[in-house]
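Enquirer: One structure follows; several queries about it will come next.
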Amino acid sequence: MIFLIILVIAAILSLTFGTVTITPAQLLEIINGKDRASTVYRIFMYVRLPRTVAAMLAGSALAVSGAMIQSVLNNALASPNIIGVNSGAGFATMLCMVLFPAQTWLLPPAAFVGAFITALAVSTIAMKINASKITIILTGVAIGSILTAGINTIKEFFPDVMVGSNSFMVGGLSYVTDESLKFAGVYIIIGLIVSILFRSEMNVLSLGEDSAHSLGMNVKAYRFLLLMIAAVLAGAAVSFAGLLGFVGLIVPHGVRVFVGEDNKTVIPSCILVGAIFVTVCDLLARLAFAPFELPVGIVMSFLGGPFFIWLLLTKRRHINA
Amino acid sequence: MLELLHLTGGYNGEVKVNSLSAEFKKDEITAIVGPNGCGKSTLLKLIVRLLKPMSGKIILDGSDVSSLNRKESAQKISFLPQARSIPHMSAGSLILHGRYPYLSYSRKYTKKDQEAVENAIMITGTEKFRDTPMDRLSGGERQKVYIAMLIAQDTEVVLLDEPTTYLDMNHQFELMNIIKSLKQQGKTVVIVLHDLSLALQYADRVIVMDQGKLTACGAPREICLSGTIDKVFHIHTQRISSSQYVFSPDEKNGLF
């Protein structure tokens, strides 16, 4: 509940503050639909609103994706950026932009395919070699670095493929359009709903493969399904927000410190806290050096890094790596 | 009653259990003993269908278990694996997971589920760490919580893979007594044990396995008298009272 209130406040702040400040009175006028031709209205509708929605969607999607990957791989270090899922999505997005420059609608599914193939590759290799927790991470890091090399190669050969490829690499929301958001948003909303439906299964899965199996669960099928949802979420977020890293790792851990380990509460909390975190970071990214903007990924690391270290120092017992 | 008929299986094409036939009776604890790598854990995994048998049948109360779906099978056979990573949840919610095979899609726990959980907590004496996270419990306490989860699962057949390994003596006895109470509830208990003296002391029947095959099966006393244990483990067994045994190195074979 408290998370919901904070999210609403963060959203209002994000809608009102920026290079141009929209006053609460103006905000009400906009909502009432008066004066559609005014500059303020246009800023609101075409810049602020898509951007705020984008921040919330990307945050929720990546946080839930991280929580899911952590529980499926039973590994506290796993998150979409660390095991290469984000790079997979990023690589597919870039490739898609080179091959089909005008097809915005193709980006989220392409990113999903990239993310899913990566997630599947990492988990298959891990299962095949009966990998320890650390080996899973190393496998992911290796696959991720191959894909990042791919992304950089595309950048070298096709420097004009996208405006602000720099902001894509660290994750940024400046180039979000309502068109790119519309397609990705559908994937994210569906992914979030499905993740809520399957949160008890995530708990059972965390008992370990043999125990989950003996309780009557089809472990392989659920693992596959949950990884797929995680990939849909991460892929869709990356397709418009770029390689936002940190959210997927720190939000689930932060959430667990406050609400406990039960996925029944962790998943919904991740949806809210992920949205809050990215919205607040994006707000700061716009305001810190206004009128210049930082990509949100930078702010996120500056803010999230120390916060995560603080968590490690004070609440280490809750973070079981 | 659980019956195995010429059950054969293993990993990656390698046969670990070789055409093994056996019977496990209700109201009895059957202990499976045998040297490392003899296929005892594999046998349990085959019964719980974590591994697919290469050939042979598993019959429970007259019907083939391969005809059961996952849920039905989990309502009839429960299994405590040996190696587990410690899940991040409280003991209470772990025990509640024992009811998973009975949940409908709405995931609402019924009164019957709650009762089964309360009963399991009572039998195992785990009330006091209900809200404690699993990773803060000692090995012995954790094991009791797992047994409670199995009791909540309320299955006819209970399979346990070395539940007492790494526990202190007193915890071993405590755990074995809880397991004994399972058989008194009319369950078929099958337990793989490393500890021969525990096996001979608590089991009603002992199955000795060696190289994937059943080499002997019978009451602890008979097994001891037959000398099978001595042969398989290369030791010397001496019975000192009705359920107490002393083991010593087998000097004849010159192993020591």
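The values are calculated or read from the model by the stated rules, or taken from the named source; none is laboratory data. Just so you know, these numbers come straight off a predicted model, no measurement behind them. Here Cβ is always computed from backbone atoms with ideal geometry, including for glycine, and neighbour counts include all displayed protein chains.
Enquirer: Considering every residue within segment B:206-214, establish whether at least one is modelled with pLDDT under 85, among the charged types (D, E, K, R) and more than 15 Å from the chain's Cα centre (by Cα).
Expert: No: segment B:206-214 contains no residue that is modelled with pLDDT under 85, among the charged types (D, E, K, R) and more than 15 Å from the chain's Cα centre (by Cα).
Enquirer: Are any of the residues in segment A:80-96 in contact with a His (Cβ under 9 Å, 6 or more places away or on another chain), closer than 30 Å to A:Ile125 by Cα and outside any loop (DSSP other than H, G, I, E, B)?
Expert: Taking every residue of segment A:80-96 in turn, none turns out to be in contact with a His (Cβ under 9 Å, 6 or more places away or on another chain), closer than 30 Å to A:Ile125 by Cα and outside any loop (DSSP other than H, G, I, E, B).
To keep it simple, each residue is scored yes or no on (1) in contact with an Asp or Glu (Cβ under 8 Å, 6 or more places away or on another chain); (2) more than 30 Å from B:Lys71 (Cα to Cα); (3) at pLDDT 85 or above; (4) among the basic types (Lys, Arg).
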{"position": "A:Glu209", "(1), (2), (3), (4)": "no, no, no, no"}
{"position": "A:Lys220", "(1), (2), (3), (4)": "no, no, no, yes"}
{"position": "A:Ala231", "(1), (2), (3), (4)": "no, no, yes, no"}
{"position": "A:Val238", "(1), (2), (3), (4)": "no, yes, yes, no"}
{"position": "A:Phe246", "(1), (2), (3), (4)": "no, yes, no, no"}
{"position": "A:Leu284", "(1), (2), (3), (4)": "no, yes, yes, no"}
{"position": "A:Phe308", "(1), (2), (3), (4)": "no, yes, no, no"}
{"position": "A:Thr314", "(1), (2), (3), (4)": "no, yes, no, no"}
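Enquirer: Also, quick follow-up: Quick check, is A:Val251 of a type in the set (A, V, I, L, M) and in contact with a His (Cβ under 7 Å, 6 or more places away or on another chain)?
Expert: no
Enquirer: Then there's this: Since B:Leu51 meets every condition but one in (1) closer than 30 Å to B:Gln211 by Cα; (2) more than 10 Å from chain A (Cβ to nearest Cβ); (3) surrounded by 21 or more Cβ atoms within 10 Å (Cβ to Cβ), which condition does it not meet?
Expert: (3)
Enquirer: Let me ask something else. Look through segment B:1-21, keep the residues that are crowded, with 19+ Cβ neighbours inside 10 Å and aliphatic (A, V, I, L, M), and return whichever of them is nearest to B:Ile179 (Cα to Cα).
Expert: Going through the qualifying residues, I end up with B:Leu2.
Enquirer: Report yes if some residue within segment A:233-241 is in a helix (DSSP H, G or I), touching a Phe, Trp or Tyr at 6+ places or on another chain (Cβ under 6 Å), farther than 23 Å from A:Ser123 by Cα and not small (Gly, Ala, Ser); otherwise report no.
Expert: Checking segment A:233-241: not a single residue is in a helix (DSSP H, G or I), touching a Phe, Trp or Tyr at 6+ places or on another chain (Cβ under 6 Å), farther than 23 Å from A:Ser123 by Cα and not small (Gly, Ala, Ser).
Enquirer: Picking from B:Ala116, B:Ala74, which residue would you name as being part of a helix (DSSP H, G or I) and in contact (Cβ under 8 Å) with a residue 60 or more places away in the chain?
Expert: Only one candidate passes the filter, namely B:Ala74.
Enquirer: Name the residue that is surrounded by the most Cβ atoms within 10 Å (Cβ to Cβ), counting only residues in segment B:79-93 that are more than 7 Å from chain A (Cβ to nearest Cβ) and in a helix (DSSP H, G or I).
Expert: Within segment B:79-93, the match that is surrounded by the most Cβ atoms within 10 Å (Cβ to Cβ) is B:Ala91.
Enquirer: Given the options A:Leu62, A:Leu57, A:Leu73, A:Leu77, name the one that is within 14 Å of another protein chain (Cβ to nearest Cβ), within 30 Å of A:Asp262 (Cβ to Cβ) and surrounded by 24 or more Cβ atoms within 10 Å (Cβ to Cβ).
Expert: Selected residue: A:Leu73, the only one of A:Leu62, A:Leu57, A:Leu73, A:Leu77 that is within 14 Å of another protein chain (Cβ to nearest Cβ), within 30 Å of A:Asp262 (Cβ to Cβ) and surrounded by 24 or more Cβ atoms within 10 Å (Cβ to Cβ).
Enquirer: Looking at B:Lys45, B:Lys71, which is the one that is within 14 Å of chain A (Cβ to nearest Cβ), more than 14 Å from the chain's Cα centre (by Cα) and among the basic types (Lys, Arg)?
Expert: That would be B:Lys71, the only listed residue that is within 14 Å of chain A (Cβ to nearest Cβ), more than 14 Å from the chain's Cα centre (by Cα) and among the basic types (Lys, Arg).
Enquirer: State whether one or more residues within segment A:187-195 are in contact (Cβ under 8 Å) with a residue 12 or more places away in the chain, touching a Phe, Trp or Tyr at 6+ places or on another chain (Cβ under 8 Å) and either more than 14 Å from chain B (Cβ to nearest Cβ) or polar (S, T, N, Q) (or both).
Expert: Yes, segment A:187-195 contains at least one residue that is in contact (Cβ under 8 Å) with a residue 12 or more places away in the chain, touching a Phe, Trp or Tyr at 6+ places or on another chain (Cβ under 8 Å) and either more than 14 Å from chain B (Cβ to nearest Cβ) or polar (S, T, N, Q) (or both).
Enquirer: Please work out which residue is farthest from A:Gly185 (Cα to Cα), limiting yourself to segment A:262-277 and to residues that are within 14 Å of another protein chain (Cβ to nearest Cβ) and surrounded by 23 or more Cβ atoms within 10 Å (Cβ to Cβ).
Expert: A:Asn263
Enquirer: Could you tell me whether any residue of segment A:222-241 is surrounded by fewer than 18 Cβ atoms within 10 Å (Cβ to Cβ), over 30 Å from A:Leu284 (Cβ atoms) and within 14 Å of chain B (Cβ to nearest Cβ)?
Expert: Among the residues of segment A:222-241, at least one is surrounded by fewer than 18 Cβ atoms within 10 Å (Cβ to Cβ), over 30 Å from A:Leu284 (Cβ atoms) and within 14 Å of chain B (Cβ to nearest Cβ), which makes the answer yes.
Enquirer: Report whether or not B:Ala31 is closer than 24 Å to A:Glu201 by Cα and at pLDDT 90 or above.
Expert: no
Enquirer: I need every pair where a residue in segment B:169-190 that is more than 22 Å from B:Lys45 (Cβ to Cβ) has its Cβ under 8 Å from the Cβ of a residue that is hydroxyl-bearing (Ser, Thr, Tyr) and surrounded by 14 or more Cβ atoms within 10 Å (Cβ to Cβ), sequence separation at least 6 or different chains.
Expert: B:His171/B:Thr164; B:Gln172/B:Thr164; B:Met176/B:Thr164; B:Met176/B:Tyr202; B:Ile178/B:Thr124; B:Lys180/B:Tyr202
Enquirer: Just checking, how many residues over segment B:94-121 are surrounded by 16 or more Cβ atoms within 10 Å (Cβ to Cβ), more than 8 Å from chain A (Cβ to nearest Cβ) and under 30 Å from B:Tyr166 (Cβ atoms)?
Expert: Of the residues in that region, 7 qualify.
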